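Everything below concerns the one structure shown next.
The values are calculated or read from the model by the stated rules, or taken from the named source; none is laboratory data. Quick caveat: nothing in here was measured; it's all calculated off a predicted structure. Note that we place each Cβ from the backbone using ideal geometry, even for glycine, and neighbour counts take in every protein chain shown. The area values use the complete protein model at the heavy-atom level, side chains included, leaving out ligands, DNA and RNA. Shrake-Rupley method; radii C 1.70, N 1.55, O 1.52, S 1.80 Å.
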Amino acid sequence: MDALLLNPEDQVATAVRELRAGQIAQISSGETVQELKILENIPYGHKVAVQDILKGMEVRKYGEVIGRASCEIRSGTHAHVQNIESLRGRGDWKKEDPNGTD
Amino acid sequence: MEPIEYEQTAEENRACGETFLGYVRSDGSVGTRNYVGILSTVVCANEVAEEIARRVSGTVRFTHHQGCCQTPVDIRRVTEVLANLGKNPNLSSVLLVSLGCESTDVDAVEQQIRASGKRVERVTIQEQGGAAKTTAQGILLAQEMVREASRQKRSPAPVSRLIMGMKCGSSDTTSGLVPNPAIGEVSDWLVSKGGTSILGEVTEFIGAEHIVASHAADEELGGKILELVRRMEQRAMSVGEDIRGGQPTGGNIKGGLTTIEEKSLGAIAKAGSAKIQEVREYGERPQGCGLAVMDSPGREPEILTGLASAGSNLIVFATGRGAPQGFPFVPVIKITGSETAMKNMPDHMDLDLTGVMRGEMTLPEAAERIREKLLSVASGELTKAEISGYTNSMDIYMTGPVI
């Protein structure tokens, strides 16, 4: 087992060992295990997308929203600060524009 | 003979599961430690408090950066927190070190601690004639107080007397998978035995507050939790920037945590499944037993102080990358499920739960390991933070400016 999918609704899994570009990783979601082609190196504890995520889509882990995709995230790539943004604590967003759409 | 011995051992084990050896105080609380506390009442008295504690074995010092040139709401908080720290059951008696001109209400601090049945002494630098004379006077008083304290013995106390502070720090993605949910199970166990556990770090409810609020015993408490989170988020946002980098921290991000929402969803696993019975302001003592929520930020110096002020006699601390801090007079048990912390920070980790990530240990087994460690530390086993003395960079959480 290489990564954990914590909830069936999640689009990201947590790597429980370092994953290497090109490998086929075993993604465990409790009872079932799926295989996933890894496209880039994923450090220990970091997240890998288990499906393509379009820009602007909410991203789920634990079955809950952890943010949204700030650009397209391809399945098998590293899902982290470079492509997921937080929806909370955004003092940088103007008050009249809480959705942050410019 | 052997079956009898076996039965006795099983009985002892059962008894160990329900009691710990602690110092019973006159107000009925039970300490897991028995120090003489040297408390600085203002930043300007820190040097003297430090020196007294350095020179007298059996003492610990609490120093901070507050107590003067602050708004009344913060001054009241400093006064209340110092009084509550003095009342913490892990202190046998208290020596207050005052400058003399601070805003902290030192009389109130002294009276409140004394009302809990403890000996309290005070030395005042401006009245005594400077730091050197005050240090000498404080050392002599502290020596006498340590002698008194050393006569106290540990005796069996029910686990219902444990007040367990909960904290996670320098988290990575393993924190929400291993130590936090395992701590949640231990919290549920402690609550079922009539004990108390305290959940702080309201910043780390952001994005998960709907789940925390659903644990509230009633709607009003749920509303209070949501209000604490709203207040904390507004405060963070008022500076006009994205909180990322501050929360999650740079270290959290290196550990794979991407957003505050993700960090929060892992952090709140410490709450377990018990109902939240109380919602308190920073440093306030829960009035009853069970699971309580206390307002506090996530940073170590302030939350550890807040948990100690709330009466915690021990603290469980989940970490992913390896946070070293303890607290001067409350044992802080460092628990990790991360290879990163075990590899890079082994001399700061008290409990290795990395087996869960490797699939070699279950979460209930991990919780059992924590429970055993908790009772052992409560009865006197030293934590690595206590042994290394990595406990002194503390502070009190303030809400207003220095003026």
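Dipole orientation for chain B: of the candidates B:VAL24, B:ALA213, B:LEU96, B:LEU96 has the Cα lying most toward the positive pole (charges on Cβ; Lys, Arg +1; Asp, Glu -1). In segment B:166-217 the Cα-Cα distances spread across 5 Å bins starting at 0 as 4, 16, 24, 32, 18, 6, 1 percent of all pairs. Each Lys and Arg Cβ is given +1 and each Asp and Glu Cβ -1; about its Cα centre, the protein assembly as shown then shows a dipole of about 1020 debye. In sequence order, segment B:128-142 has phi-based couplings of 6, x, x, 5, 5, 5, 5, 4, 4, 4, x, 4, 5, 5, 5 Hz under the Karplus curve 6.51 cos²θ - 1.76 cosθ + 1.60, θ = phi - 60°, and Gly or Pro positions carry x. Rounded to the nearest 10 square angstrom, A:ASP52 shows an accessible area of 90 square angstrom against a 1.4 Å probe. All other residues whose Cβ lies under 13 angstrom from that of B:SER388 are scored, Lys and Arg at +1 and Asp and Glu at -1, for a net of -1. Each residue of chain B gets 143 Å³ once the volume of the Cα convex hull is shared out per residue.
For B:GLY31, the residues 5 or more places off, or on other chains, whose built amide H falls under 5 Å of its own are B:TYR23, B:VAL24, B:ARG25. When nucleic acids and ligands are ignored and a 1.4 Å probe is applied, B:ASP350 ends up with an accessible area of around 30 Å².
Restricting segment B:330-403 to trypsin sites (Lys or Arg not before Pro) that sit in a DSSP loop and have at most 12 other Cβ atoms within 10 Å of their own Cβ leaves B:ARG358. For chain B, the residue among B:ALA142, B:HIS64, B:GLY169 whose Cα projects farthest onto the positive side of the dipole built from Cβ charges is B:ALA142. Between the residues B:GLY400, B:VAL229, B:ASN180, the greatest Cα displacement towards the positive end of the dipole of chain B, with unit charges on the Cβ of Lys, Arg, Asp and Glu, is found for B:GLY400. Placing +1 on the Cβ of every Lys and Arg and -1 on the Cβ of every Asp and Glu, with nothing else charged, gives chain B a dipole about its Cα centre of roughly 820 debye. 3J(HN,Hα) couplings calculated from phi for segment B:371-382 with the Karplus curve 6.51 cos²θ - 1.76 cosθ + 1.60 (θ = phi - 60°) are, in sequence order, 4, 4, 5, 4, 5, 5, 5, 4, 8, x, 4, 7 Hz; Gly and Pro show x. Which distance in Å, rounded to a whole number, links the C-alpha centroids of segment B:306-361 and segment A:11-63? Centre-to-centre (Cα) distance: 27 Å.
Surface listing: A:LEU6, B:LEU374 arranged by accessible area from highest to lowest gives A:LEU6, B:LEU374, probe 1.4 Å. Global size of chain A: 14.4, 46 Å for Rg and Dmax (C-alpha atoms, Rg to one decimal, Dmax whole). Within chain B, DSSP assigns beta bridges of which about 15% are antiparallel (rounded to the nearest 5). The mean count of C-beta atoms from other chains within 10 Å of the C-beta of residues in B:236-247, rounded to a whole number, is 4. Under the convention that each Lys and Arg Cβ holds +1 and each Asp and Glu Cβ holds -1, the size of the dipole of chain A around its Cα centre is about 180 debye. Pairs exceeding 23 Å between alpha-carbon atoms, taken from B:LYS270/B:LYS373; B:LYS193/B:LYS373; B:LYS254/B:LYS334; A:LYS47/B:LYS275; B:LYS224/B:LYS254; B:LYS133/B:LYS153: A:LYS47/B:LYS275; B:LYS224/B:LYS254; B:LYS133/B:LYS153.
Taking the protein heavy atoms of segment B:213-323 in the context of the full set of protein chains, the accessible area attributed to carbon and sulfur is 48 percent at 1.4 Å.
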